[in-house]
Amino acid sequence: MLRYLNLKYMRRFGLSIPHEFKGKIDEALLKKVHEYEAEKTRFSFISLIFGNVITIIFIFGGVLNIYNSWIASLNWPFILTGILFFMLLSYASTLLSIPFSLYNTFKIENKYGFNAMTPKLWLTDFLKSILLSTILMGIIASVGLWLIQSSPHYWWLWVWGFSLVFILFIMYISPYVIEPLFNKFTPIEEHGLEDKIKELAQKVNIKVSRVFKIDASKRSRHTNAYFSGIGNVKRIILYDTLLEKMDHDEILAVLAHEAGHWKKKHVFKMIIALEILSIIGIYISFRILQSDFLTGLFHIERGTIFAKVVILSFIGGIISFPFIPLSNYVSRRFEKEADRFACELTENREDMASALIKLSKDNLSNLHPHPLYAAFYYSHPPVVERIKDIKKPFCLAPETSWSKIRF
């Protein structure tokens, strides 16, 4: 319903140029934005319906019961049985997603000038992803099942602790081990830019180890930049597409926004919130999995914990759905804080606004989302709203002196 409202709203207002974009965008580009958004929405709706139908057939159509009974009949050791159970489900889900991934990449993204990926590169990425997910899932499943087997009464606590440590470990090694599997990282070549970036970071006591350019253009023409690393020392990653389309001041504005997330401890706060919810969810799951209520309710003949986890995940997805707007509301608050931080740090609202305009144009962002749709699904405030806020006087008070700000 919200997707339909969003499309209807965009058809009504989509060709009107917001005041903040006057002289920066024309109706031809707005029409392209409208078409891109409409096609993405239709495609995501079809994908969602397909996924829901497959899930319903699998759980309510008896397929889960047959699959679970077959796995249990192998009489393998507990941990090996669980690994096989979840691995095969993961592979099946991945295979079913292939047509949708291909259509999105080589039809939609290609049609609107974003895709730069070749079929060979897509296949290479796909195989790497399969191998990587197999290794990671194998580690998670084997350790998790071992904890369940070793501590039947307290495994919920140990599994929660392991998941937290594993997430932090992946965050630490990802820039050095995982990301280089897919992209090439090279020092930026733009004269003077690295010095400006490090000078900006020093203002807020962020230690920058290296500034890299990532060869994002070999896959997509979307633009972005991000920080990576845990602790005070960060690596800054700039898409080569971003370097091509923005001047130095605009790039600094984008990075000042990312620095805002770190200095306001948004990542840390999100991890804390997620871990609190996680330990509550794992404990509730532990209590439910102690009984055969779920397998009886869904007519599962052999009450394995593996089948119970699948059913519980399905129910959990339904229960957690209403919390999506709350999560996105918090995320939008964080984005506004990071925008204001960037204004104060750079003391230049125009570069921040200009960077957002370029990002929205380059990525064909919808300038007229329905308010309800944006409130429910948007993790960032709509770009027009962000630019309005940036240009408000309170974003950068005249008396602001960065040297006086302490963290």
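Observations, loosely collected:
- Subset of segment 106-137 (residues that are of a type outside the set (Ser, Thr, Tyr), under 21 Å from ILE173 (Cβ atoms) and more than 20 Å from the chain's Cα centre (by Cα)): LEU127, LEU131, ILE135
- Pair list, Cβ < 9 Å and 6+ apart or interchain, from segment 263-287 residues that are free of Cβ contacts under 8 Å to residues at least 12 places away in the same chain and farther than 16 Å from ASN328 by Cα to residues that are of a type in the set (Phe, Trp, Tyr) and surrounded by fewer than 16 Cβ atoms within 10 Å (Cβ to Cβ): none
- Contact annotation: residue pairs with Cβ atoms under 7 Å, 6 or more positions apart or on different chains, pairing a residue in segment 365-389 that is within 23 Å of PHE114 (Cα to Cα) with a partner that is in a loop (DSSP other than H, G, I, E, B) and among the aliphatic types (A, V, I, L, M), are VAL383/LEU367; VAL384/LEU367.
- Counting only helices (runs of 4 or more DSSP H) wholly contained in segment 233-315, the ones carrying 1 or more residues that are of a type in the set (Phe, Trp, Tyr) occupy 248-263, 266-289, 293-297.
- The lone exception for GLY23 - which of (1) under 30 Å from LYS111 (Cα atoms); (2) assigned to a helix (DSSP H, G or I) it fails: (2)
- Only a single item in (1) surrounded by fewer than 17 Cβ atoms within 10 Å (Cβ to Cβ); (2) at pLDDT 95 or above is not met by LEU274, and it is number (2).
- Per the listing PHE60, PHE126, PHE106, PHE100, the residue uniquely hydrophobic (A, V, I, L, M, F, W, C) and in contact with a strand residue (DSSP E or B) (Cβ under 7 Å, 6 or more places away or on another chain) is PHE106.
- Wholly enclosed helices (runs of 4 or more DSSP H) of segment 342-407 bearing at least 3 residues modelled with pLDDT of 85 or more and over 19 Å from VAL330 (Cβ atoms): 349-362, 383-390
- Counting the residues of segment 104-139 that are over 24 Å from PHE58 (Cα atoms), out of contact with any Leu (no Cβ under 8 Å at 6 or more places or on another chain) and part of a helix (DSSP H, G or I) gives 21.
- Count - residues of segment 104-145 that are closer than 26 Å to VAL177 by Cα and aromatic (Phe, Trp, Tyr): 2
- When each of LEU243, LEU238, LEU289 is tested for being under 25 Å from PHE185 (Cβ atoms) and over 20 Å from the mean Cα position of the chain (by Cα), the lone residue that passes is LEU243.
- Taking segment 137-153 as the range and being of a type outside the set (A, V, I, L, M) and surrounded by fewer than 16 Cβ atoms within 10 Å (Cβ to Cβ) as the test, the residues that pass are GLY138, SER142, GLN149, SER150, SER151, PRO152, HIS153.
- Just one residue in the set SER313, SER331, SER327 is surrounded by fewer than 19 Cβ atoms within 10 Å (Cβ to Cβ), under 21 Å from the mean Cα position of the chain (by Cα), over 22 Å from HIS266 (Cβ atoms) and among the polar types (S, T, N, Q); that residue is SER313.
- Test: LEU84 is in contact with a Lys or Arg (Cβ under 9 Å, 6 or more places away or on another chain) and either farther than 20 Å from ILE300 by Cα or free of Cβ contacts under 8 Å to residues at least 60 places away in the same chain (or both): no
- Some residue of segment 172-182 being part of a loop (DSSP other than H, G, I, E, B) and either crowded, with 17+ Cβ neighbours inside 10 Å or touching a residue at least 40 places away in the same chain (Cβ under 8 Å) (or both): yes
Every residue, every condition in (1) in contact with a Lys or Arg (Cβ under 8 Å, 6 or more places away or on another chain); (2) without any contact (Cβ under 8 Å) to a residue 24 or more places away in the chain; (3) outside the structural domain of GLY113 (by TED's automatic domain parsing); (4) under 30 Å from ASN110 (Cα atoms), yes or no:
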position	(1), (2), (3), (4)
GLU189	yes, no, yes, yes
GLU194	no, yes, yes, no
LYS207	yes, no, yes, no
ARG210	yes, no, yes, no
ALA216	no, no, yes, yes
ARG219	no, no, yes, yes
GLU250	yes, no, yes, yes
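The values are calculated or read from the model by the stated rules, or taken from the named source; none is laboratory data. Only a predicted model underlies this, so the values are computations on that prediction, with no experimental measurement involved. Cβ atoms come from the backbone with ideal geometry, glycine included; neighbour counts cover every protein chain shown.
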